[in-house]
Amino acid sequence: MTTQLSVGDNAPDFTLPTDEGTFTLSEHRGSRVILYFYPKAMTPGCTTQACDFRDNLGSLARAGFTVVGISPDKPEALVRFREKEHLTFLLASDPERRVLEAYGAFGAKSLYGKLTHGVIRSTVVVGADGKVELAQYGVKATGHVARLRRDLGLD
């Protein structure tokens, strides 16, 4: 059973390979980080969500946020995804699913009415102090960034 994080929890630290090198969460202490977890690069829903983050990245960065997308894809697939969709934020690779599981973003979910196990589309906002500011699980790809912006008071 995967435990989902709640506001005020300490965000688990991690280091993952990215499409550009590595990303270590603790190296970003003092700034706010949006971690969004998605099932698979270059699929329709994940592309919609990634492009939505891309299109809103300027305003998120001005508000002090770093955005990192995390999936089980290998770094090579993330490079292709970034290039194809002109993504301007880091994509991190978690093929062993250890970070996905630590953040409660992998486990049982309903897919077209059928119970399955996999990546739960989720977003966790980590505050400058390393604590969870916002945790959203089972989010929809379409419209999620607009909802996130509202919940963060950016609209």
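The values are calculated or read from the model by the stated rules, or taken from the named source; none is laboratory data. Remember, predicted model here, so these are calculated numbers, not experimental data. As a convention, Cβ positions derive from the backbone with ideal geometry for all residues, glycine included, and neighbour counts pool all protein chains shown.
Structure notes:
- In the stretch 39-59, the condition of being within 21 Å of LEU25 (Cβ to Cβ) and without any contact (Cβ under 8 Å) to a residue 24 or more places away in the chain is met by no residue.
- Checking every residue in the stretch 79-95 against the condition of being out of contact with any Asp or Glu (no Cβ under 6 Å at 6 or more places or on another chain), over 21 Å from LEU16 (Cβ atoms) and small (Gly, Ala, Ser) gives zero matches.
- The set of residues in the stretch 31-59 that are more than 14 Å from the chain's Cα centre (by Cα) and of a type in the set (A, V, I, L, M) contains only MET42.
- Note on the stretch 22-45: residues that are out of contact with any strand residue (DSSP E or B) (no Cβ under 7 Å at 6 or more places or on another chain) and closer than 15 Å to SER71 by Cα amount to 4.
- The residue that is farthest from the chain's Cα centre (by Cα), counting only those in the stretch 98-146 that are under 19 Å from ARG62 (Cβ atoms) and surrounded by fewer than 18 Cβ atoms within 10 Å (Cβ to Cβ), is ALA128.
- Subset of the stretch 98-119 [assigned to a loop (DSSP other than H, G, I, E, B), touching a strand residue (DSSP E or B) at 6+ places or on another chain (Cβ under 7 Å) and at pLDDT below 95]: none
- Members of the stretch 86-97 found to be farther than 14 Å from PHE14 by Cα and surrounded by fewer than 21 Cβ atoms within 10 Å (Cβ to Cβ), listed by number: HIS86, THR88, PHE89, LEU90
- Meets criteria (of a type outside the set (Val, Ile, Thr), touching a residue at least 12 places away in the same chain (Cβ under 8 Å) and either in a loop (DSSP other than H, G, I, E, B) or under 22 Å from VAL139 (Cα atoms) (or both)) for LYS84: no
- When THR2 is tested against (1) at pLDDT below 95; (2) farther than 30 Å from LEU115 by Cα, exactly one condition is not met: (2).
- Considering only residues in the stretch 36-51 that are surrounded by fewer than 18 Cβ atoms within 10 Å (Cβ to Cβ) and touching a helix residue (DSSP H, G or I) at 6+ places or on another chain (Cβ under 8 Å), the one that is nearest to ASP151 (Cα to Cα) turns out to be CYS51.
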